[in-house]
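Structure, as structure tokens:
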Amino acid sequence: MSRVRNWFVSAAVLLLGRGTKRPLAPARNRIVPLEPPSPRAELAVVGLLFAAALFAVGFIVVYALDRLSHQTQLLGTALGLSLACLAAALVVVAKHLVPDEQLEEDYPPAHPAESDEIAQIVEESDDRFTRKRLVVIAAGAAGSALGLAAITPALSLGPALDPSVLRRTPWQAGRRLVDERGRPLRADDIEFKTFYTAFPERADREDMAAPLVVVRLDPAALTLPRERESWAPEGILAYSKICTHAGCAVALFRTPLFPPAEPKPALVCPCHYSTFDPAAGGAVLFGPAGRPLPQLPLRIGSGGVLEAAGNFSGPVGPSWWGVRMGEAT
């Protein structure tokens with residue numbers, strides 16, 4: 001217990017004594033051997049600390065841009081180099097700027113002068129630093145930048161001020177639907193019991209909200225919500241291709257061969273078999289999906305080409321989806 005008490009006393013002396021550096025009594029001898037300063041080592045430490053801060057800032061910039069090629073690799077490289085520079089700076093400090101002395105002896109009995117000796121050792125241990133303020137500034141820059149880099153990913157939990165970013169998609173009124181080859185989809189080309197994939201014309205197809213599934217049903221069989229009665233011209237419906245369960249691609253269209261005995265048409269996700277009813281606004285019929293597929297309102301433009309009449313009925317993707325949307329897996 002006495003040893004634990006001595007450790008607490010020593011820690012308190014260190015914390016309270018660092019703020020005001022008191023002059024040593026002239027009669028006391030040095031405890032830490034006096035060694036010559038090492039300006040090169042100090043400059044190396046300062047350079048490594050500023051490099052750590054620079055790479056940490058680079059991590060934040062790459063994360064904020066969120067549209068660079070090999071984004072994940074760049075993030076890992078920036079953060080890894082920042083931590084490597086910080087570790088190298090600590091190694092240089094330990095090897096060249098901090099006195100190193102090994103003593104082998106039994107613990108002496110507790111003595112009131114021990115706390116003063118510890119404070120004296122702490123004060124004498126930084127005598128080799130000749131640019132203390134510059135080192136402190138560099139260390140503060142590195143620590144601050146790394147701290148910001150550590151909390152930056154928290155921004156992906158959701159928009160801080162503008163929640164409308166969750167509904168941002170490449171679809172807007174008047175944007176035409178095109179197929180995989182970029183050819184406009186015409187209403188007359190959409191056949192019954194056929195599954196079509198469509199994309200927004202002149203937009204990024206890698207955007208998570210870009211791909212659509214397009215099907216055609218009997219207008220008399222539609223039971224869409226009242227506000228969506230005009231969203232399916234001639235029975236043509238468009239829904240997001242991204243399943244609302246886990247973000248997989250809806251790639252199956254179930255069409256009954258014997259309508260009286262088999263279930264009605266449905267869109268199916270092959271990953272976990274979430275099943276959606278296109279006639280009822282994408283409502284969930286079966287599976288783990290927690291909400292309907294977002295529906296895109298359609299209209300028939302000039303030349304019979306299908307166009308978007310607005311944005312989706314709801315956010316695209318799973319309910320846990322973040323702000324940043326990338327390529328589906």
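Every number here is computed from the coordinates shown, using simple stated rules; none is lab data. All figures in this text were calculated on a predicted structure; none of them were measured in a lab. Cβ coordinates were reconstructed from backbone atoms using ideal geometry, including for glycine residues, and neighbour counts include every protein chain displayed.
Okay, here's what the table says:
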read-out: Ranked by how many other beta carbons lie within 10 Å on average, peptides 286-296, 174-184, 235-245 from highest; value: 235-245, 286-296, 174-184
read-out: Contact order relative to length of the stretch 166-308, as percent, for alpha carbon pairs under 8 angstrom and 6 or more apart; value: 24
read-out: Computed label-point distance, nm, for sites Ile137 and Phe286 using a 7 Å Cα→Cβ extension; value: 6.9
read-out: Burial order of peptide ranges 139-145, 46-52 (average beta-carbon count within 10 Å, highest first); value: 46-52, 139-145
read-out: Estimated inter-spin distance, Arg254 and Glu229, nm [label 7 Å along Cα→Cβ]; value: 2.9
read-out: Three-way shape label, the stretch 221-298, alpha-carbon gyration tensor, a/c 1.5; value: oblate
read-out: Modelled FRET efficiency - R0 30 Å, Thr72 with Phe192, Cβ distances, 0.05 increments; value: 0.10
read-out: Using a Förster distance of 45 Å, the FRET efficiency for Arg168-Val91 (Cβ separation, nearest 0.05); value: 0.45
read-out: Gain on full stretching of the segment that runs from Ala64 to Arg183 - 0.36 nm per residue minus C-alpha separation; value: 39.4 nm
